[in-house]
Amino acid sequence: MIQTPPEPGAGAEPPRRTLAATAAQTTAENPWPLRQLSVKVGEYVARMSPLWVEGEIVQFNRRPGAGISFMTLRDVDVDMSFSVPVRQYVLRGLAIDPVPGARVVVHAKPTFWTKRGSLQLEADDIRPVGLGELLARLEQLKRVLTAEGLFEASRKQPLPFLPRTVGLICGRESAAERDVVVNARRRWPAVRFEIREVAVQGAKAVREVSAALRELDALEEVDVIIVSRGGGSLEDLLPFSDEQLVRLVAGASTPIVSAIGHEVDTPLIDLAADVRASTPTDAAKSVVPDIQAELEQLTLARTRLRTAIRSRLEREQSSLEAIRSRPVLENPSTILAGRADEIRSRIALARTLAGARLDRAQDEIRHLGTQVQALSPLATLERGYSVVQTADGTIVRTPEQTETGQALSVRGAGGRFGVERTAHDPYTPPTA
């Protein structure tokens, strides 16, 4: 157990409090004072071995005449940093000049200052991260993001024809800003801008560019965003290949135009953006139309429309004149006269056909009348035949139907007369 020393200036010696030996043994009633925690952390850090770490130099303070200089080393992906004291003999042996913005690997021993409660790295070697290694890391990140589909053409958004407001992210008082604004307003004078000036290289670039992009993406009136920066070395353009920034660009709801560096430069943000412009001037041309070209196209379209309407009217006029020149329209009675002759001819034909049909019908009736008369019983009676009937009108067909002395009626061609049935037939056949 650890006993606390007596408080200075006390009249009587107070009772000593026994401190917990380990952090796990502390309680609310027996806590460690901060100095004790600082001592314990320092003891723990002192047991750590020297190690290699990678980071970006954001500040380097030389102290002429002093045996030590101080460097601030920042993580390349997140916003955290360490103070790194560097002794003069280490600086004399360096193969590079430790300037802000350089990416380096440092061999250092972690140390903890118990009085200030701060952790720092005591460097004994500093080496630059080679260009080849940077390119290899960028290529690996590019393969990973490509496999995730962040660079697919199918997910890219089309640019609006005429945006209400253009968002612009650029460096402070940069030539890229002037190129974009001047060229855009030369093409379309009424274009509006929402400009965010940020750091475009160094330790703050990723954070400030990301914050500006989120802010502009949230504005409803901003229809397109340009991320612009002038040319520079590979190290200068590294922030625009940062994975977090690339993912932010790929996920933005507003179309993004990337105009980073020169045409030969291809940071990863160019692949994630919806449109890649080779220069800031090219970016300005891609987001707004050329008002002069649009006016020329409008004039040409109006000329074509007038020509088309005039041609249509001339064709219709020619067709109308051709119709009016026909004889039937010059003398409308011509067509009526021809139709009248045709009607008279058809009436005469109808009368002829009807007369012939009536004549045939009359002959047919007459022939039928002759046939009816030939088949009539009266015609038979006129040939000398007669019909014998009983008193009740029954026709006598055989002698057995009558009795001797029975009165009978005989009908001949000239009329009727009565007869009586006798026992003997008075008929005597003529002799030859």
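Rule-based calculations on the coordinates, nothing more; no lab input. Owing to the predicted nature of the structure, the values given are computational and were not obtained by experimental measurement. Positions of Cβ are backbone-derived with ideal geometry, glycine not excepted, and every protein chain shown enters the neighbour counts.
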* Considering only the other residues whose Cβ falls under 15 Å of the Cβ of Thr404, what net charge follows from Lys and Arg at +1 and Asp and Glu at -1? -> -3
* **Cβ charges +1 (Lys, Arg) and -1 (Asp, Glu), total dipole of the chain, debye** => 680
* Considering only the other residues whose Cβ falls under 12 Å of the Cβ of Ala413, what net charge follows from Lys and Arg at +1 and Asp and Glu at -1? -> +2
* Asked: Just going by the charge dipole of the range 216-301, with Lys and Arg at +1 and Asp and Glu at -1 on Cβ, which of Ala301, Ser278, Leu216 is farthest out on the positive end?
  -> Ser278
* So how tilted is helix 175-187 from the main axis of the chain? Cα-based, degrees 0 to 90, rounded to 10. -> 30
* Structure fact -> Between the Cα axis of helix 34-46 and the main Cα principal axis of the chain, the angle (0 to 90°, nearest 10) is 90
* Structure fact -> Expected vector for the range 409-426, Karplus 3J(HN,Hα) from phi with 6.51, -1.76, 1.60 and θ = phi - 60°, integer Hz, x for Gly and Pro, equals 10, 10, 10, x, 5, x, x, 10, 8, x, 9, 10, 6, 9, 6, 10, 8, x
* Give or take rounding to whole Å, what are the principal axis extents of the alpha carbon atoms in the range 136-176, in descending order? -> 35, 28, 10
* Asked: Residues with amide H under 5 Å of Phe193's amide H, sequence separation 5 or more or different chain, H placed in the peptide plane at 1.01 Å from N; which?
  -> Val166
* Asked: Helix 205-218 versus the longest principal axis of the chain: what angle, 0 to 90°, nearest 10, using Cα atoms?
  -> 30
* Asked: What ³J(HN,Hα) values, in whole Hz, does the Karplus curve 6.51 cos²θ - 1.76 cosθ + 1.60 give for the range 59-64 when θ = phi - 60°, with x put for Gly and Pro?
  -> 7, 9, 10, 8, 10, x
* For the pairs Lys142/Lys285; Lys40/Lys109; Lys109/Lys142, note any where the Cα-Cα span goes beyond 24 Å. => Lys142/Lys285; Lys109/Lys142
* With a sphere of radius 13 Å drawn around the Cβ of Ala272, what net charge do the other residues whose Cβ falls strictly inside it have (Lys, Arg +1; Asp, Glu -1)? -> -1
* J(HN,Hα) series, the range 238-247, from Karplus relation 6.51 cos²θ - 1.76 cosθ + 1.60, nearest Hz, glycine and proline x -> 4, x, 8, 10, 5, 4, 5, 5, 4, 5
* Structure fact -> Taking N as the residue count of the chain, its alpha carbon Rg divided by 2.2 N^0.38 Å gives 2.85
